[in-house]
1. Can you tell me which of (1) in a helix (DSSP H, G or I); (2) of a type outside the set (S, T, N, Q); (3) farther than 17 Å from Ala10 by Cβ is the one Cys67 doesn't meet?
2. Have a look at Ala36, Ala106 and point out the one that is hydrophobic (A, V, I, L, M, F, W, C), over 21 Å from Pro151 (Cα atoms), without any contact (Cβ under 8 Å) to a residue 24 or more places away in the chain and near the ligand (Cβ under 9 Å from one of its atoms).
3. Out of (1) closer than 18 Å to Leu119 by Cα; (2) more than 15 Å from the ligand (Cβ to nearest atom); (3) touching a residue at least 60 places away in the same chain (Cβ under 8 Å), the odd one out for Ala26 is which?
4. Quick one: in the stretch 2-23, of everything that is away from the ligand (no atom under 16 Å from the Cβ) and more than 11 Å from the chain's Cα centre (by Cα), which residue is farthest from Gly65 (Cα to Cα)?
5. Can you spot a residue in the stretch 81-93 that is over 16 Å from Leu121 (Cα atoms), of a type outside the set (A, V, I, L, M) and modelled with pLDDT of 95 or more?
6. How many residues does the stretch 127-142 contain that are of a type in the set (A, V, I, L, M, F, W, C) and part of a loop (DSSP other than H, G, I, E, B)?
7. Report every pair of residues separated by at least 6 positions or lying on different chains whose Cβ atoms are under 9 Å apart, first residue within the stretch 122-148 and at negative phi, second part of a loop (DSSP other than H, G, I, E, B) and basic (Lys, Arg).
8. Among the listed residues Pro157, Pro187, which satisfies the condition of being surrounded by 14 or more Cβ atoms within 10 Å (Cβ to Cβ), without any contact (Cβ under 8 Å) to a residue 60 or more places away in the chain and in a loop (DSSP other than H, G, I, E, B)?
Amino acid sequence: MRVTLALTGASGIAYGMRLAEALKGAGAKLDIVVTAAALKVMDYEEPGGSKKALARLEKCGRVYGDCEIGAPPASGSSGADAVVVCPCSMKTLSAIACGFSFNLVARAADVAIKEGKTLVLVVRETPISAIHLENMLKLARLGVVIMPASPALYHSPKKVEDQVDFIAGKVLDRLKIKHSLYRRWKP
Ligand SMILES: Cc1cc2nc3c(=O)[nH]c(=O)nc-3n(C[C@H](O)[C@H](O)[C@H](O)COP(=O)(O)O)c2cc1C
């Protein structure tokens, strides 16, 4: 499976990092796109900042900046089976909902929609405005998977990593990739 994974400047970079490693571990071929804002958020959220985070991502796949509009994820013929934006900012959500392919992330998502491929957006914001909701509804009606970064509590998480694994696992579920990142509900 070939997957384009984009990290944007929403809080929750850890979800994207975990997902990259889980996808790599599952044998997926990864093209990773990191926006300029994601690099900034990495500096706040990731131990060791963006430098260390990028080094981790480079072990999982080829990493591109959001301005590299000639990179493989920009083309429908490059053969990505799925595009995942995790975390997905409201700005990137808006660009995707409008078909405004101003950077490599919005273009890769646009390509996924036009080619009928799986597109998963792990959106993160709170509270969510009517503009955000309208953008999500528009995309959901096109078959885009809107997956808010809302970790559950029913699996008795002990640490932040358990919550991160839960979200990464839910994305893998949508890509039909087997995993044991979280314990499934058994009443
Ligand atoms: C520490 C930090 C956290 C942020 N968290 C969010 C967030 O959770 N959701 C969001 O939509 N934007 C968030 N932003 C704002 C985005 O980074 C900003 O809108 C940016 O332009 C998004 O660009 P991108 O979509 O190209 O990555 C955050 C910014 C910073 C600095």
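1. Every condition holds for Cys67 apart from (1).
2. Ala106
3. Tallying (1) closer than 18 Å to Leu119 by Cα; (2) more than 15 Å from the ligand (Cβ to nearest atom); (3) touching a residue at least 60 places away in the same chain (Cβ under 8 Å), Ala26 fails exactly one: (1).
4. Ala22
5. There is no residue in the stretch 81-93 that is over 16 Å from Leu121 (Cα atoms), of a type outside the set (A, V, I, L, M) and modelled with pLDDT of 95 or more.
6. 2
7. Within 9 Å, the pairs are Pro148/Arg124.
8. Selected residue: Pro157, the only one of Pro157, Pro187 that is surrounded by 14 or more Cβ atoms within 10 Å (Cβ to Cβ), without any contact (Cβ under 8 Å) to a residue 60 or more places away in the chain and in a loop (DSSP other than H, G, I, E, B).
The values are calculated or read from the model by the stated rules, or taken from the named source; none is laboratory data. Just so we're clear, the structure is a prediction, and the values are computed from it rather than from any experiment. Glycine gets a Cβ as well: all are built from the backbone with ideal geometry, and neighbour counts include every protein chain shown.
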